[in-house]
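Colleague: Before I ask anything, here is the structure I am working with.
The values are calculated or read from the model by the stated rules, or taken from the named source; none is laboratory data. No experiment lies behind these values; they were computed from the predicted model shown. Cβ atoms come from the backbone with ideal geometry, glycine included; neighbour counts cover every protein chain shown. Side chains are part of the model used for accessible areas, which takes the heavy atoms of the whole protein and leaves out ligands, DNA and RNA. Shrake-Rupley method; radii C 1.70, N 1.55, O 1.52, S 1.80 Å.
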Amino acid sequence: MREEILWGIAPIGWRNDDLPEIGAENTLSHLLSDIVVAGFQGTEAGGFFPDTKILKKELALRNLRIAGKWFSSFLIRDGIQTVSKQFHEHCAYLKEVNASVAVVSEQTNSIQGTEKNVFGEKPFFTDAEWEVFTQGLNELGRIASDYDLHLVYHHHMGTGVQTLAEIDRLMAMTDPSYVHLLYDTGHIFVSDNDYMTLLRKHRNRIKHVHFKDVRLISLEECKRNNLSFLQAFLKGVFTVPGDGCIDFKEVYNYLLKTNYNGWIVIEAEQDPAIAHPLEYALIARKYIDETLFEKNHI
């Protein structure tokens, strides 16, 4: 069963697209070589990644793969015509590097990159906005399929699709042939204090997985202080599996039981000056090997 799952780790522990000054000293070669040392099979492309020719050479030298890449859609703000042009370019890049998924998040009115309180000031879409958004997402999904990619929607703190109820609505209003789901343990736990309900309810739509852990003490402090998303991750609310409160054994066993195949990507926004990226990658690797694989070893 485990051979059907690919394990990756996201570049966000080394460099952060929302705060480019953080970890700016970490080069692509540094990042990719750390991933090899930590024993992962690949990563997701970050905003600082080079053109496909350079990237493919660096990947080949290390026998690594690209799982996918984030795309900020503004379907409600800009309309499908504008967004689709940008998305074609995004998908062409991903196809060239043999990726599997295009990670999409609707960023109209998002507060994830602002100073607003992420725990109390998230945006909400009107019924009319939901129609524009979901119809556009169906079109983006069709575009992705033309490039042999799966569009996977990333529910995310500080956006219009954050809670289970909002994810339910998204799933109901989109075409399951073209719009799939990225299941992120950390985001749904911080939002709803629950991560298994979403997994069980929408497992048939999940084509990509992020394993993100949460430090409860840090989360409670961030809520008390009404922090923004960026402030919260700088305070250490997120971490790698095995270093927080989420039971990934339950999650992983359910994925195995339901024959999940695809990427599981370790993702933990942290300040690399505080949380050494390779150290935390190795913590995650050890947890996977000693805790998750213990009873599922083949």
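Colleague: In region 2-16, is there at least one residue being open to solvent by 20 Å² or more (accessible area, probe 1.4 Å), among the aliphatic types (A, V, I, L, M) and under 14 Å from the mean Cα position of the chain (by Cα)?
Modeller: The answer is yes; a qualifying residue exists.
Colleague: Give me the pairs, please: first residue somewhere in region 75-93 and within 22 Å of F48 (Cβ to Cβ), second residue anywhere and in a helix (DSSP H, G or I) and open to solvent by 40 Å² or more (accessible area, probe 1.4 Å), beta-carbon distance under 7 Å, and either six or more positions apart or on two chains.
Modeller: none
Colleague: Being over 24 Å from N16 (Cα atoms), open to solvent by less than 10 Å² (accessible area, probe 1.4 Å) and not polar (S, T, N, Q) narrows it down to one of A128, A165, A144, so name that one.
Modeller: Selected residue: A144, the only one of A128, A165, A144 that is over 24 Å from N16 (Cα atoms), open to solvent by less than 10 Å² (accessible area, probe 1.4 Å) and not polar (S, T, N, Q).
Colleague: Would you check if A268 is among the small types (G, A, S) and out of contact with any helix residue (DSSP H, G or I) (no Cβ under 6 Å at 6 or more places or on another chain)?
Modeller: Criteria not met by A268.
Colleague: Could you run through region 33-73 and say how many residues are touching a residue at least 60 places away in the same chain (Cβ under 8 Å), open to solvent by 40 Å² or more (accessible area, probe 1.4 Å) and assigned to a helix (DSSP H, G or I)?
Modeller: Count: 1.
Colleague: Being under 20 Å from S73 (Cβ atoms), among the polar types (S, T, N, Q) and at pLDDT 95 or above is the requirement here; does S218 meet it?
Modeller: Criteria not met by S218.
Colleague: Which condition number does I266 fail, the rest of (1) free of Cβ contacts under 8 Å to residues at least 24 places away in the same chain; (2) crowded, with 20+ Cβ neighbours inside 10 Å; (3) not hydroxyl-bearing (S, T, Y) being met?
Modeller: If we test I266 against (1) free of Cβ contacts under 8 Å to residues at least 24 places away in the same chain; (2) crowded, with 20+ Cβ neighbours inside 10 Å; (3) not hydroxyl-bearing (S, T, Y), just (1) comes out false.
Colleague: Which residues, counting only those in region 62-97, are more than 18 Å from the chain's Cα centre (by Cα) and of a type in the set (S, T, N, Q)?
Modeller: N63, Q81, T82, S84, Q86, listed by residue number.
Colleague: Within region 153-170, which residues are without any contact (Cβ under 8 Å) to a residue 60 or more places away in the chain and in contact with a helix residue (DSSP H, G or I) (Cβ under 6 Å, 6 or more places away or on another chain)?
Modeller: H155, H156, V161, Q162, T163, L164
Colleague: Just name the residue that is surrounded by the fewest Cβ atoms within 10 Å (Cβ to Cβ) out of those in region 213-227 that are of a type in the set (K, R) and outside any loop (DSSP other than H, G, I, E, B).
Modeller: Among residues in region 213-227 that are of a type in the set (K, R) and outside any loop (DSSP other than H, G, I, E, B), the one surrounded by the fewest Cβ atoms within 10 Å (Cβ to Cβ) is R224.
Colleague: Next question, about the same structure. Restricting the search to region 11-32, which residues are of a type outside the set (V, I, T) and not in a helix (DSSP H, G or I)?
Modeller: W14, R15, N16, D17, D18, L19, P20, E21, G23, A24, E25, N26 - these are the residues of region 11-32 that are of a type outside the set (V, I, T) and not in a helix (DSSP H, G or I).
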